[in-house]
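Below: one structure, written as structure tokens.
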Amino acid sequence: MLELVGIDKVFNAGTVNETTIFNNFSMSVKTGAFISIVGSNGSGKTTLLNIISGTIPINAGKIILDGEDITKLPEYKRARKIGRVFQDPAMGTVPNMTIIENLSLAANKGKKYGFEFAVDKKKTEYFKEMLLTLGLGLEDKTEIPVGLLSGGQRQALSLLMSTMTPIDLLLLDEHTAALDPKTAETIMELTDKIVREKKLTAVMVTHNLRYAVEYGNRLVMMHEGKAIIDKCDEEKAKLTVDDLLSTFNAISIECGN
């Protein structure tokens, strides 16, 4: 379970540009939940992921993951328990290294490195079998530099790499936003498959309201650092894209847009 307790986050504190994103914000995510988070720009969606992953510190509150207080843990230590896929396909892989080399790096996440070969040839077939499950033909391109792959192929590889080692939480940061519609559909199907098969706890930030409605078992809409919609299971299944759009429109009118 992920617990955010009494989170305060202020940017540029004490300056004319001071901005409060979260004020005493709390949220719990049950183990095995797949939660979609939507909201307008500036609502706190990506800031929330950055707080969970340790990319940015908080001003007050606690972050607890599976009973462990990780509030003061640096990002690299949290990465042993947390996987993350970013919006930019280039951020989750090393472009000048081959697919096999990238997978080898991911497989050794959290382990100590010594004077030995980074790529274990014995695992090559294992890696190819993993790539085969993606259905993108990458198992036949293992020696190709990742930088030569398409955005969708790189994002699929990033998704695979982020979940290769046992993790407690998967963070998806608008991971289909930079892809064309067809490729985005493929990545979402792969995401759902991996989350289900590995029984992961996942938090997905997305601007695609249809994906938010169709995937996962919980939906949260953020606005000004607060959860203004929070629906789970049966209640979430009843939500439609039109429901979310009407709330967005109401918010826009309220804000004078």
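Assorted remarks:
- Ranking 178, 26, 166 by how far each Cα lies toward the positive end of the dipole of the chain (charges on Cβ) leaves 166 at the top.
- With loop membership from DSSP and a limit of 14 other Cβ atoms within 10 Å, the longest segment of the chain without chymotrypsin sites (Phe, Trp or Tyr not before Pro) is 118-257.
- Loop-located trypsin sites (Lys or Arg not before Pro) in segment 7-49, at most 13 other Cβ atoms within 10 Å (DSSP): 30
- GluC sites (Glu not before Pro) lying in DSSP loop within segment 1-104, provided at most 11 other Cβ fall within 10 Å: 18
- Largest mean-square fluctuation among 144, 52, 37, in a Gaussian network model of the chain whose springs join Cα atoms under 10 Å apart, belongs to 144.
- Extension gain from residue 207 to residue 185, taking 0.36 nm per residue of separation minus the Cα-Cα distance: 6.5 nm
- Cα-based shape type of segment 59-191, given that a ≥ b ≥ c are square roots of the gyration tensor eigenvalues and the cut on a/c is 1.5: oblate
- Estimated distance in nm for a label pair at residue 55 and residue 123, the labels positioned 7 Å out from Cα along Cα-to-Cβ: 2.6 nm
- Overall form of segment 1-72 per C-alpha gyration tensor (a/c, 1.5; a/b vs b/c): oblate
- Relative contact order of segment 139-210, taken over Cα pairs closer than 8 Å and 6 or more residues apart, is 37 percent.
- Selected from 36, 144, 250, residue furthest toward positive end of dipole (the chain; charges at beta carbon): 144
- Its Cα centre serving as origin, segment 1-101 has a Cβ charge dipole (Lys and Arg +1, Asp and Glu -1) of approximately 120 debye.
- Considering only the chain, percent of DSSP beta bridges that pair antiparallel, nearest 5: 55 percent
- As a length-normalised measure over Cα pairs under 8 Å and 6 or more apart, the relative contact order of the chain settles at 26 percent.
- Measuring only protein heavy atoms, the 1.4 Å probe finds residue 226 accessible over about 130 Å².
- Only helices reaching 15 angstrom along their own axis (Cα) with mean Kyte-Doolittle hydropathy no lower than 0.5 count here, and for the DSSP H runs of the chain these are 241-254.
- Net dipole in debye of the chain [+1 Lys, Arg Cβ; -1 Asp, Glu Cβ; about Cα centre; nearest 20]: 720 debye
- The stretch between residue 246 and residue 15 holds 79.6 nm of extra length on full extension. This uses 0.36 nm per residue minus the Cα-Cα distance.
- Multiplying the residue separation of residue 192 and residue 143 by 0.36 nm and removing their Cα-Cα distance gives an extension gain of 14.9 nm.
- Length-normalised contact order for segment 19-109 - Cα pairs under 8 Å, 6+ apart - percent: 16 percent
The values are calculated or read from the model by the stated rules, or taken from the named source; none is laboratory data. From a predicted model like this one, the values you see are computed outputs, not experimental measurements. Ideal geometry is used to build each Cβ from the backbone, glycine not excepted, and the neighbour counts take in all protein chains shown. Each accessible area value is taken on the protein alone, full model and side chains, heavy atoms only, with ligands, DNA and RNA left out. Shrake-Rupley method; radii C 1.70, N 1.55, O 1.52, S 1.80 Å.
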